[in-house]
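This report concerns only the one structure given below.
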Amino acid sequence: MKNDTPVEHYLKDYQAPHFEVESVFLEFDLAPLNTQVTNTLKVKNLSQQPKMVLDGENVKLVSVFLDGRDLTAQCEQGKETLTIPTLGLDQFELKIETVIEPQNNTALEGLYRTSGNYCTQCEAEGFRKITYFFDRPDVLTLFTTKIIADKSENSVLLSNGNLIESGELADNRHYAVWQDPFKKPCYLFALVAGNLACVKEVYHSADGRDIDLRIYVEPKNIDKCEHAMDSLIKSMKWDEERFGLIYDLDIYMIVAVDDFNMGAMENKGLNVFNSKFVLAKPDTATDVDYEGIEAVIGHEYFHNWTGNRVTCRDWFQLTLKEGLTVFRDQEFTADMLSPAVKRIEDVKRLRTNQFPEDAGPMSHPIQPQSYIEMNNFYTMTVYEKGAEVVRLYHTLLGENGFRKGMDLYFSRHDGQAVTVEDFRNAMADANGVDLAQMHQWYLQSGTPILSVATDYDAGSKLFTLTLSQRIPKLEGGFKPMLIPVKMALFSEEGASLALNVAVEDRDNIVINGSEGLLKLTETTQKFSFEQVESNPIVSLLRGFSAPVILEYEQSNQDLAKLASFDSDSFVRWESMQTLALREIKRNISNYETGQNLQISDYFAQAFAGVLADSTIDKALKALTLTLPDLTYIGEQYQQMNVDAIYHVHRWLKQELATQYEGQFLTIYADLNKSEKVYRYQKEDIANRKLKNLCLQYLMLLPNQIQLGAEQFTQSSNMTDVLAALESLSHTDSLERQSCLNAFYDKWKEDTLVLDKWFSLQAGSHHLHSLSHVKELVEHKDFVYTNPNRVRSVLGVFGRLNMLGFHQASGEGYRFMAEQVIKLNRINPQVAARIVAPFTHWKRYDQQRQDMMKQALQQILESENLSKDVYEIVSKSLNAG
Ligand code: B3K
Ligand code: ZN
């Protein structure tokens with residue numbers, strides 16, 4: 001890095017604010033290169049501070065007035081601060097005028113332009129790019145916002161809360177004044193202006209009010225809002241029913257924009273969304289998109305209580321709102337679709353994305369202890385592991401106990417900025433239990449390993465499980481956590497066995513029908529069951545009751561049995577995954593030692609058993625027949641052999657396709673007959689999932705390529721079209737190019753659909769995918785300023801294209817390093833995400849390690865490196 005080393009912020013340094021802001025009046029006079037912001041604050045000086053320090057970045061200061069006195073000359077401007085003398089006053093009115101340039105803001109943080117409209121993104125620390133302020137979540141205040149703009153270019157002027165005034169001005173300009181009746185921190189502020197069309201609905205809330213619902217989009221997208229609106233209404237109803245939480249304002253607005261750094265943002269009463277999570281029609285969006293929209297609309301809506309009404313004291317508490325809100329959106333999706341499928345999908349996501357993060361140089365506890373750039377900590381760990389930790393409370397306390405805890409949390413903390421301890425205390429106090437040990441989940445990073453040994457004594461009929469926990473990298477410093485382990489016992493024939501808990505274990509095991517909940521609190525602990533008639537088959541970690549790695553050498557026979565009869569769908573799925581993983585690992589060794597690759601009989605039989613079973617839910621069947629993904633296989637090794645993993649994975653899929661071609665074809669043909677009209681509905685989604693999985697296997701057989709081409713031309717919904725095109729994209733067929741071309745011609749005007757075209761090629765296993773990706777970034781439709789487009793190509797390539805990115809020549813690394821350096825200047829947040837695959841360099845062979853480190857070094861030494869990229873790159877190099 002050629003500039004100063006950025007500072008690191010620590011949780012231990014937290015200090016309560018010295019000032020209170022009673023209210024703020026913001027006035028925006030919008031112009032692309034010269035937006036004037038006047039910020040009038042009513043301030044209380046709580047501890048006679050002689051000076052106040054406000055945050056600000058990239059804002060041009062015009063003037064500062066304190067109670068009408070011009071203090072501009074007495075203020076001190078730092079790189080990211082403004083220091084103002086308080087003149088010994090206890091309270092005063094401060095008026096600050098600044099100028100910003102939204103048109104030149106390509107970082108998409110603060111106020112910026114997207115498709116000719118204005119919008120804002122303030123979380124985490126973007127408000128300081130709009131005006132000088134106390135940019136910290138524990139300063140809550142009442143916002144009133146006046147927006148003035150040209151009328152023909154900005155027919156719509158929006159901000160948080162209620163519209164209290166609007167009118168015409170000279171020179172074809174107009175204005176609107178919005179007032180938010182709830183105190184909020186500035187990260188929840190939003191402003192939107194532009195020419196947008198709007199879809200409206202009215203929601204009748206449980207407390208008898210009519211709430212105005214509006215979705216604003218570019219006029220051309222007005223026919224793609226129905227699903228988003230349905231999702232919003234479902235979310236509102238669900239939160240009333242499940243948590244007794246009712247929406248508080250009389251208006252709820254969602255705005256969809258094309259240029260957005262993440263999924264969406266929960267600004268009070270005015271959510272701003274990446275258009276990817278709003279716009280859908282059956283011919284443009286897949287089932288995955290539909291589900292994503294429902295989940296993200298739900299997530300942002302649920303934040304209104306978990307995040308907005310009760311917010312975070314500081315950014316180290318981020319998981320307080322994010323872990324909890326992800327847990328809530330997971331439960332919502334489970335209730336809307338299938339709880340079993342949702343749980344498995346979430347576990348897959350966690351394992352593929354969060355486990356590697358937690359094993360790498362950016363590993364951090366769900367409550368990080370320090371950060372350089374807060375935006376780097378919106379991670380899978382804070383969000384997804386955070387949600388798993390919230391789920392632990394739910395598992396330990398049950399639905400009723402959890403609800404009691406939530407109720408107490410809101411009644412204690414409504415309107416406050418609080419900490420993860422406050423949440424835990426509410427859970428504990430509402431249920432009269434001690435949950436202090438749960439804090440270890442917030443403090444310790446790394447995925448815990450839960451190892452299991454069993455013992456059966458036929459004479460005494462006593463069955464004992466010995467559970468131990470550890471986090472390898474914390475060796476020595478590790479403190480045992482509270483881990484709830486759900487389990488059941490089965491006979492060889494699949495009958496579930498009664499659980500008679502030994503007297504000494506009664507405090508540590510909770511029985512619920514045929515299921516037991518073991519509360520592991522020690523490093524090693526025994527759990528015993530009496531009167532067990534025969535050596536049982538153990539079904540362990542049911543429902544994935546804790547985010548751990550299970551180390552349990554269960555026999556292949558037992559796993560095959562669990563895969564066929566366990567009443568817990570997670571364990572059924574997991575047992576097949578474990579069998580497949582063993583199969584893959586065994587063949588990776590064969591591959592490495594030059595031996596023949598072979599499918600074992602027990603695996604082939606178990607696979608065939610699932611394939612033939614017409615009683616299981618089709619979505620679960622599809623999940624069970626899906627092999628573990630490349631990243632998860634890689635996770636099993638300290639150092640992975642990229643070529644061996646890729647080769648064996650492909651070989652196994654191809655072998656299964658060859659062996660079961662007939663069965664795949666029959667299922668495919670059967671499912672392909674039904675459902676011609678697209679419906680976003682559980683059964684139809686499951687049908688499409690299974691059908692397209694069959695297609696995926698079949699397309700590995702050269703004689704079946706035509707099947708994909710036919711599905712591509714004949715389908716009218718995007719789920720089926722894209723599944724066919726994806727399978728084709730991995731082939732080296734003539735059909736590949738002709739279908740890709742046809743898709744491009746049809747959809748080149750639709751940004752979101754075109755992203756799919758880009759990402760299929762970036763993720764393709766085609767032998768020449770690296771040169772294809774190099775062409776893609778030169779394509780006339782590739783734009784570095786659009787995060788979705790960048791992620792579609794560079795994000796997908798780095799994360800999912802094992803062969804291309806990790807090409808032995810190092811060409812993939814060199815290409816990506818150049819791209820990161822380029823992006824760093826345009827959009828640091830996006831660049832910091834794109835660089836992530838490099839951070840795992842330790843997991844590859846020596847040659848690749850050297851080349852990856854070289855790429856990181858080249859990035860580190862580049863000019864004007866942002867804090868965002870610097871933090872990731874320097875931490876991963878230091879980990880060497
Ligand atoms: N709270 C936002 C994320 C903000 C990310 C800032 N880099 C969206 C969400 O989690 O709901
Ligand atoms: Zn969130």
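General observations
- Computed over the Cα atoms of the stretch 680-826, pair by distinct pair, the Kirkwood hydrodynamic radius stands at 16.1 angstrom.
- Unsatisfied cross-links (Cα-Cα over 25 Å) in the set Lys151/Lys200; Lys621/Lys842; Lys200/Lys691: Lys621/Lys842; Lys200/Lys691
- Residue among Ala498, Ala619, Leu191 farthest towards the positive dipole end of the chain, charges placed on Cβ: Ala619
- Based on alpha-carbon atoms, the Kirkwood radius and the radius of gyration of the stretch 78-217 give Rg/Rh equal to 1.00.
- Longest to shortest principal axis, alpha-carbon extents of the chain, angstrom: 88, 69, 58
- The value of relative contact order for the stretch 284-332, using C-alpha pairs under 8 Å at least six residues apart, is 45 percent.
- Contact order, relative form, for the stretch 561-705: 24 percent (alpha carbon pairs under 8 Å, 6 or more residues apart, mean separation divided by residue count).
- Cα gyration tensor category, rounded, prolate or oblate, for the stretch 291-439 with a/c compared to 1.5: rounded
- Packing, as the average of other Cβ atoms within 10 Å across residues, places the peptides 801-811, 684-694 in the order 684-694, 801-811, highest first.
- Gain on full extension, evaluated as 0.36 nm per residue between Lys682 and Thr454 minus their Cα-Cα distance, stands at 78.2 nm.
- Sorting the Cα pairs of the stretch 224-273 by distance into bins of 10 Å, from 0 upward, gives 22, 51, 24, 2 percent per bin.
- Remark on Ser63: its backbone amide H falls under 5 Å from those of Glu97, a criterion applied only to residues 5 or more positions apart or on other chains, H modelled at 1.01 Å from N.
- Segments 104-111, 39-46, 68-75 sorted - mean Cβ within 10 Å per residue, highest first: 104-111, 39-46, 68-75
- Gyration tensor verdict on the stretch 439-544 (Cα atoms; rounded if a/c is under 1.5, prolate if a/b is larger than b/c, oblate otherwise): prolate
- Over the chain: helical MRE at 222 nm, DSSP H runs n ≥ 4 each giving -39500 (n - 2.57), nearest 500: -12000 deg cm²/dmol
- Of Lys276/Lys748; Lys618/Lys682; Lys276/Lys673; Lys321/Lys404, pairs whose Cα-Cα distance is over 21 Å: Lys276/Lys673
- Percentage relative contact order, the chain, counting C-alpha pairs under 8 Å, at least six apart: 9
- Cut-off 15 Å between beta-carbons: net charge of the residues surrounding Gly634, Lys and Arg +1, Asp and Glu -1: +1
- Largest-first ellipsoid semi-axes for the stretch 665-720, taking √(5λ) over the Cα gyration tensor eigenvalues, angstrom: 19, 12, 9
- Net charge of Cβ neighbours under 9 Å - reference Thr381; Lys, Arg +1; Asp, Glu -1: -2
- For the peptides 16-24, 155-163, 117-125, the ranking by mean Cβ contacts within 10 Å, running from highest to lowest, is 117-125, 155-163, 16-24.
- Reachable aspartates and glutamates from Lys585, criterion Cα separation under 12 angstrom, eight or more residues apart if same chain: Glu635
- Cubic angstrom per residue, convex hull over Cα atoms of the stretch 18-106: 95
- Global geometry of the stretch 142-220, whether rounded, prolate or oblate, following the gyration tensor of its Cα atoms and the 1.5 cut on a/c: oblate
- Environment charge at Pro50 (Cβ cut-off 13 Å; Lys +1, Arg +1, Asp -1, Glu -1): -1
- Overall Cα dimensions of the stretch 596-669 - principal axes, largest extent first, Å: 40, 26, 23
- In the stretch 510-588, the convex hull through the Cα atoms has an average projected area of 6.5 nm², a quarter of its surface area.
- Listed by chain and number, the lysines placed with their C-alpha closer than 23 angstrom to that of Lys461 are Lys486, Lys519, Lys526, Lys561; residues fewer than eight positions away on the same chain are left out.
A short reminder: the numbers here are calculations on the coordinates, not readings from a lab. Because the structure is predicted, anything quoted here is derived from the model rather than measured. Backbone-built Cβ (ideal geometry, glycine too); neighbour counts: all protein chains shown.
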